[in-house]
Every structure is written in structure tokens, then in C-alpha cells.
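Peer 1: Pasting in a structure now, in C-alpha cells, and then I'll have a few things to ask.
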2 protein chains.
Amino acid sequence: MLKAIFFDIDDTLYDSTTLARMARLNSIRAMIDAGLEERDEEKLYSLLQKVIAKFGSNYGKHYDELLKELGMEWNPKIVAAGVVAYEHTKFGYLKPFPGVVPTLIELRQHYKLGVISNGLAVKQWEKLINLGIHHFFDVVVTSEEVGCEKPEVEIFKLAMEKLGVSARECVMVGDRIETDILGGKASGMKTVWVRRGKYSRVEPKSEEEKPDAVISEVVELPGVLSKLSPQ
Amino acid sequence: MLKAIFFDIDDTLYDSTTLARMARLNSIRAMIDAGLEERDEEKLYSLLQKVIAKFGSNYGKHYDELLKELGMEWNPKIVAAGVVAYEHTKFGYLKPFPGVVPTLIELRQHYKLGVISNGLAVKQWEKLINLGIHHFFDVVVTSEEVGCEKPEVEIFKLAMEKLGVSARECVMVGDRIETDILGGKASGMKTVWVRRGKYSRVEPKSEEEKPDAVISEVVELPGVLSKLSPQ
């Protein structure tokens, strides 16, 4: 019998891809307004993407680096304009996908719920809190705390251990084949692929990457769980 | 003839004291909601004040330190709850005092405007941008960039230099006797004390600390400027 359902956060519970794109675009517009000489939004967006790819998304000084890439001196007005626009846009987009909250309320009556997420603990909790869904989860495990990332099985095992459940009683739900599905299956869980967003065109490359069910949004989850129950 | 007016930011252009108090109170409530064992809001508020006094207001891990003071283990859910509540409350209170914007619009027709502020450059610019008044100022000088703080005269001199004005053509406007008034006078400017908020009960201790005019809000500034004009 299924006892626990684990969720990925980004692009599974909320639209992280759109948030990032819109927040970055708005930060670029605000930096142009604050005095950036280069005014080509597309060029600046590509350059910012390059900086983020180079330093990682959790680095705190993307805009400072963008100025360097543009050959400009450090300018706190421009950096601050980028930061403020990003923050305000972020709060506007930190909303659960339609139907996520009612679905969590329903699932909570029958299952333990958890989160297994690659990222910094405080940052990932900030997302859950801004989404208003932090009270639904019995356990939240982040790669920062565990010291390894999905798809490594250790992070899945720790989450199960914390809930006192075995792999065959669990389902992992996420948008990425190579982390959520591959790792969930490797740890012995059933897996549900939420096929939407930037990883939706990826195809499973082997039996190890093949999810037990595919849905296009979390709201469809209760409908497929009955088919996943172990005999 | 007066040519330039310099402003302090915190508690001069917006209500920084109320922002800090409300944001900290809301962060404490959010941390209790997120699972803090200690539930006495006043006790927690005092403890948080103690932590802030110890590590400085620009330190990034006040809530982590609060947990230590309480003898608790690090808990990213509680830390994140504090951060998110602080941020949301902050944006709600980052509004200029009533009348500040019309006053800046009026003054901008006759004077150059500047900011002289103790603090981190990006943080102080973030405030001006959130307040929506960053385009009014011809120069913004922060202690981080200059390497010294108000009341040291260097920071006032650099601001004047950047605008190409001499001290007798300038007025410094701020809420703190010991930084804005003392430093403004020492650098040769006229000074206007905005007597409100947490420093309103301080009395000038000597002739060096005595402002040329006292007002209770920035909106009164145009009315007193004519009296300050050098003969």
C-alpha cells in the first residue's frame, strides 16, 4: 500500500522556468532604466544567462558579473535596480500551479507528504513558504543538508528513513527524468513524471529512466496513484 | 545662493524605524508558526535585538544566530520563515514619508539633489529604488564606497566634489544630530534637522551640533530654505 508521496519543487509545484525568465527580463529592463549603456534586451539576457551558467544560480552577484562582462565599472545603482526588479517579479510568480493546493489537501488525508529537492535548504524552504504550502509536508530533504543530490539514492533513502517508510510504499513525483525519475526508480520507489516545462521534450533513454506514470500536471496525480499501488 | 541639497535616507525619507520593528515582529511570528518552541513574542523580539546589536544590521544570518541563542539546532524551515516574513513586510513599509515625492519634484526645479548615507552601496540603492525616488538624485554617496562614515567630513566633501559645489552652497538634511548635523556643519554646510523618530529626543550637546533649522518632516523643507541662504 502506498504510504508516502515525495515531490520535487521547481517546475513541479510551481512554474520556476517562467519565474526565472520573467524576473531576469525585468531585472534587465530595470538595469537599463538605471543607466546601463547597452540597451539591447536580448543581448543582455543572453549575457546574463551566460553569467548564471558560469557562476551557478545560487551565486549572489550575477549583476556585478554582468557589468564586468560588459566592460563596465562596478555600479551599485545598476546592481540594486536588477536585484529589486528580480525580487518583486519573483514574489509575483511564486504561486503554486493551478490545482496544486487542493491536490495537496486531498492527498494529505491519505498519505504522508514530503519534498526531495536539490538546492540550498533555506532557499528551498523560502520557496515553499512563499508558495504557502510549507505546512503540508512531513519532511523536506535538501541536497545541501544531505551532502548529495538527486539522482543519488542516499537523498531518497534519507527522506524515507525520516518518514519510517520503505521504498515500495513510496512515489516520487517530479519534472526531470535524470534526477527525479532516475533516482526515484534507483531507490526502489514508484515514479510519476510531470511532463511540462523545459524538460518536457526529454525522452527516457533506458528502462532505468522510464517513469511508472506520466502526467502533465500535479492535479492529475490522485487519478494515477491507484494504478501504482503494489499488489 | 543655495545650489544643492543632500539627504540622509533612513528615517529622513522613509520610516525606517517602523519598518524594522514591524518586519522583525512579523519575522518572529512567522518563526513561531514554523515551529519555534519559544513562543513569547516579546522575549524573542528582545533576543533578536540583542543578536542584531551584536552582529550589526547588515549581517545576513540573524535568524541562524537567534536559534543558537535559544539553544536550538539549525533549522532551515524556521530561518526561511523569518526571512520571507521580513522581506514581505519590508516591501510593504518601503514607502516615502507623505509629501516626500512632491517635495523632491519641487526642489528638483531649483537645486541639485544628493544622498549622503552610511551603509552598503547596493543596500542603500535598493532602498531608493524600492521607494521609487532613485531618479531624483544627481549623486548618491555611501560610506561603503568612500571608506568613511558620517560625521567624517570626507564623505560630505566627496559628495560636494561630485556635484561641483562648495560647502556654503549646500544644505544637509537628516534625522541624526551626531551624524548628519555634526558632519554637515563640520564640512561647512547649512544643516536641517528632521526631528522625528528614534533620535527626536536627543538634544544638541554643543554649538557644533546645533542645526540651522529644525523641521518635523521633509515636506517643511522648502519653507525653511529661504532662511538658510547665505547673504
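Peer 1: Given the C-alpha centroids of the stretch A:69-84 and the stretch A:114-172, what is the distance between them in whole angstrom?
Peer 2: 35
Peer 1: 7 Å along Cα→Cβ for the label point: how many nanometres lie between B:Arg39 and each equivalent label in the other copies, listed shortest first?
Peer 2: 5.8
Peer 1: Kyte-Doolittle cut-off -0.5, length cut-off 24 Å along the helix's own axis using Cα: show which whole DSSP H helices in chain A pass.
Peer 2: A:16-33, A:76-93
Peer 1: I would also like to ask the following. Within 10 Å of each Cβ of A:121-134, how many other protein chain Cβ atoms are there on average?
Peer 2: 5
Peer 1: Further question: How do A:Ser27, B:Ser46, B:Ser143 line up, fewest other C-beta atoms within 10 Å first?
Peer 2: B:Ser46, B:Ser143, A:Ser27
Peer 1: Local charge sum around A:Thr191 (other residues, Cβ-Cβ under 9 Å, Lys/Arg +1, Asp/Glu -1)?
Peer 2: Spelling it out: positives minus negatives among the neighbours equals +1.
Peer 1: For A:Tyr59, B:Tyr63, which order do you get if you count the other beta carbons within 10 Å of each Cβ and list the fewest first?
Peer 2: By the 10 Å Cβ count, ascending: A:Tyr59, B:Tyr63.
Peer 1: Rounded to the nearest 20 Debye, what is the dipole magnitude of chain A about its Cα centre when Lys and Arg each give +1 and Asp and Glu each give -1 at the C-beta?
Peer 2: Once rounded to the nearest 20, the dipole reads 380 debye.
Peer 1: Reachable lysines from A:Lys162, Cα under 24 Å, same-chain residues fewer than 8 places away excluded?
Peer 2: A:Lys3, A:Lys112, A:Lys123, A:Lys127, A:Lys150, A:Lys185, A:Lys190, B:Lys68, B:Lys77
Peer 1: Only bridges with both residues in chain B count here: give the DSSP antiparallel percent, nearest 5.
Peer 2: Just about 5 percent of them are antiparallel.
Peer 1: If you take every residue apart from A:Lys68 with its C-beta less than 15 Å away from the C-beta of A:Lys68, what net charge results, scoring Lys and Arg +1 and Asp and Glu -1?
Peer 2: It works out to a net charge of -3.
Peer 1: So what does log10 I(q)/I(0) come out to for chain B at q = 0.08, 0.10, 0.12 Å⁻¹, using the Debye formula with one equal point on every Cα and no solvent?
Peer 2: Log10 I(q)/I(0), no solvent term: -0.34, -0.51, -0.69.
Peer 1: Using Cα pairs under 8 angstrom and six or more residues apart, how large is the relative contact order of the stretch A:17-93, in percent?
Peer 2: Worked out over the stretch A:17-93, it gives 48 percent.
Peer 1: Can you give the convex hull volume of the alpha carbon atoms of the stretch A:17-93 per residue, in Å³?
Peer 2: Residue-normalised Cα hull volume stands at 80 Å³.
Peer 1: With an 8 Å Cα cut-off and a minimum separation of 6 or more residues, compute the relative contact order for the stretch B:98-226 in percent.
Peer 2: Once normalised by length, the contact order is 20 percent.
Peer 1: In whole percent, what relative contact order does chain B give with Cα contacts below 8 Å and a gap of six or more residues? Mind dumping the intermediate values first?
Peer 2: Numbers: 376 pairs, mean separation 55.6, N = 231.
Reported relative contact order: 24 percent.
Peer 1: Here's a follow-up. Could you give the alpha-carbon Rg of the protein assembly as shown over 2.2 N^0.38 Å, rounded to two decimals?
Peer 2: 1.18
Peer 1: Something else: Suppose every K and R has +1 on its Cβ and every D and E has -1 on its Cβ; what is the size of the dipole of the stretch B:117-231 about the Cα centre, in Debye to the nearest 20? It would help to have the intermediate numbers written out before the result.
Peer 2: Values: 16 positive and 19 negative charges, 62 e Å.
It comes to approximately 300 debye.
Peer 1: Hey, with R₀ at 56 Å, roughly what FRET efficiency would A:Val214 and B:Lys68 work out to, going by the Cβ-Cβ distance, to 0.05?
Peer 2: Working: r = 46 Å, r/R0 = 0.82.
The pair A:Val214/B:Lys68 has a calculated efficiency of 0.75.
Peer 1: For A:His62, A:His110, which order do you get if you count the other beta carbons within 10 Å of each Cβ and list the fewest first?
Peer 2: Numbers: A:His62 21, A:His110 13.
Starting with the residue having the fewest Cβ neighbours, the order is A:His110, A:His62.
Computed from the coordinates by the stated procedures, all read-outs in this text should not be read as laboratory data. Computed from a predicted structure; not experimentally measured. Methodologically, a virtual Cβ is constructed for each residue, glycine included, from the backbone with ideal geometry; neighbour enumeration extends over all protein chains shown.
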